[in-house]
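Beneath this line is the structure, given in structure tokens, with notes to follow.
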Amino acid sequence: MPGARGPRRPGRALTALLCAVAAAGLYGCTDSSPRDPAPTRPPATAPAGTSPLTGLPARTGPVLAVKIDNVAPARPQTGLGAADLVYVEQVEGGVTRLLAVYSSRLPETVGPVRSARESDLSLLRAFGHPALAYSGAQTRLNPLLEAAPLDLVSESTAPRAFHRSPDRPAPHNLYLDPARALAAAPDASGVRPIGLRFGAAPAGGTATATETVRFPAARYAFTWSAADRGWHVAIDGRAATATDSGPLAPATVVVQRVTVRPSAFHDVNGAVSPYTETTGSGAATVLRDGRAYEARWSRPDPAGGTSFTTPDGRPLAFARGQVWFVLAPR
């Protein structure tokens with residue numbers, strides 16, 4: 001089997017202890033945003049042969065999430081065009097990293113791969129027990145990663161799944177073989193619905209050529225391309241591409257307004273790691289088919305998915321294809 005199996009997971013007693021500590025607020029592993037009084041879960045099933053993450057015909061496969069570098073020396077990345085979903089998350093210094101989720105198809109290579117953050121734990125709970133490929137994590141975060149419902153894939157647990165590129169400087173040169181990563185993560189759960197709906201565009205919306213989203217030290221622009229039926233991505237003023245598939249153009253872009261607060265963790269330079277709250281509710285803008293739709297997002301159950309509705313409460317369907325979620329500060 002390609003890649004070595006990881007270390008044994010902590011027993012139930014240790015897991016319970018870690019969760020209790022997190023619940024007490026020492027690690028900040030749970031969201032503090034308000035909860036809806038009547039939790040609703042995403043649909044239990046999806047049409048046969050259709051991906052619940054893209055709405056397109058797809059194979060049924062396990063879920064692999066990969067933490068991907070996104071500073072200038074890491075661009076252009078590899079493998080992003082094949083992802084079902086891409087999440088944009090704020091990290092230290094106001095820059096961003098990407099969390100790409102794969103199930104429908106696997107590229108040959110993904111990267112550059114970087115380290116995990118506490119926010120990933122809550123975000124990935126909606127996927128059941130996915131595999132998470134990452135370059136490492138700070139020491140205090142490791143117990144929470146090991147206790148989470150994740151099949152962890154790193155250089156230490158699956159060395160054959162990773163390689164270093166001679167064309168990039170470290171630490172922006174670590175790349176992943178997704179097939180070997182999943183071979184080293186046999187317990188990764190299959191894809192399941194996470195609350196997304198796909199179909200015809202709702203009535204209304206505003207014709208939109210470009211939408212810009214700003215983080216403290218990063219800027220994203222999404223420009224509609226009728227020819228490509230997608231939103232061309234630009235990061236910090238430069239067109240975003242993947243080395244293996246060309247320009248990035250997701251069919252749907254969700255600008256999800258969330259609370260970004262300090263966590264109990266910090267990087268090696270002492271900068272506090274931000275925590276992005278993805279449980280709760282708030283406003284969003286959904287971009288599809290050259291139009292922008294005001295929306296509401298709701299995720300009352302941290303173990304469940306996220307629903308998106310129009311302001312009057314009707315489900316808001318996405319365009320079929322890749323979806324980007326920009327987890328932007330409120």
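The values are calculated or read from the model by the stated rules, or taken from the named source; none is laboratory data. What you see is a predicted model; the values in this text were computed from it and never measured. When we count neighbours, we look across all protein chains shown, and the Cβ atoms used for this are built from the backbone with ideal geometry, even at glycine. Heavy atoms of the whole protein, side chains included, go into the accessibility calculation; ligands, DNA and RNA do not. Shrake-Rupley method; radii C 1.70, N 1.55, O 1.52, S 1.80 Å.
Could you tell me whether segment 105-116 includes any residue that is part of a helix (DSSP H, G or I), under 18 Å from D69 (Cβ atoms), touching a residue at least 12 places away in the same chain (Cβ under 8 Å) and polar (S, T, N, Q)?
Initially, segment 105-116 is screened for residues part of a helix (DSSP H, G or I), giving none.
Within segment 105-116 (the criterion being part of a helix (DSSP H, G or I), under 18 Å from D69 (Cβ atoms), touching a residue at least 12 places away in the same chain (Cβ under 8 Å) and polar (S, T, N, Q)), the answer is no, since none of the residues qualifies.
Just one of (1) open to solvent by less than 30 Å² (accessible area, probe 1.4 Å); (2) in contact with a helix residue (DSSP H, G or I) (Cβ under 6 Å, 6 or more places away or on another chain); (3) over 25 Å from G195 (Cα atoms) trips up P143, so point out which.
So the condition that P143 fails would be (1).
Does P169 satisfy being surrounded by fewer than 18 Cβ atoms within 10 Å (Cβ to Cβ) and within 28 Å of P302 (Cα to Cα)? Walk me through it before giving the result.
Details: surrounded by fewer than 18 Cβ atoms within 10 Å (Cβ to Cβ): yes; within 28 Å of P302 (Cα to Cα): no.
No.
Which one of A218, A271, A251 is over 17 Å from W324 (Cβ atoms) and in contact (Cβ under 8 Å) with a residue 12 or more places away in the chain?
Selected residue: A271, the only one of A218, A271, A251 that is over 17 Å from W324 (Cβ atoms) and in contact (Cβ under 8 Å) with a residue 12 or more places away in the chain.
Which residues, counting only those in segment 281-330, are among the small types (G, A, S), open to solvent by 20 Å² or more (accessible area, probe 1.4 Å) and outside any strand (DSSP E or B)?
The answer is A303, G313.
Would a scan of segment 288-299 turn up a residue that is touching a helix residue (DSSP H, G or I) at 6+ places or on another chain (Cβ under 9 Å), at pLDDT below 95 and of a type in the set (D, E, K, R)? Steps first, please.
First, the residues of segment 288-299 that are touching a helix residue (DSSP H, G or I) at 6+ places or on another chain (Cβ under 9 Å): 299.
Still in the list and also at pLDDT below 95: none.
No, segment 288-299 has no match at all.
Could you please find all residues in segment 255-280 being assigned to a strand (DSSP E or B), open to solvent by 10 Å² or more (accessible area, probe 1.4 Å) and aliphatic (A, V, I, L, M)?
Matches in segment 255-280: V260, A264, V272.
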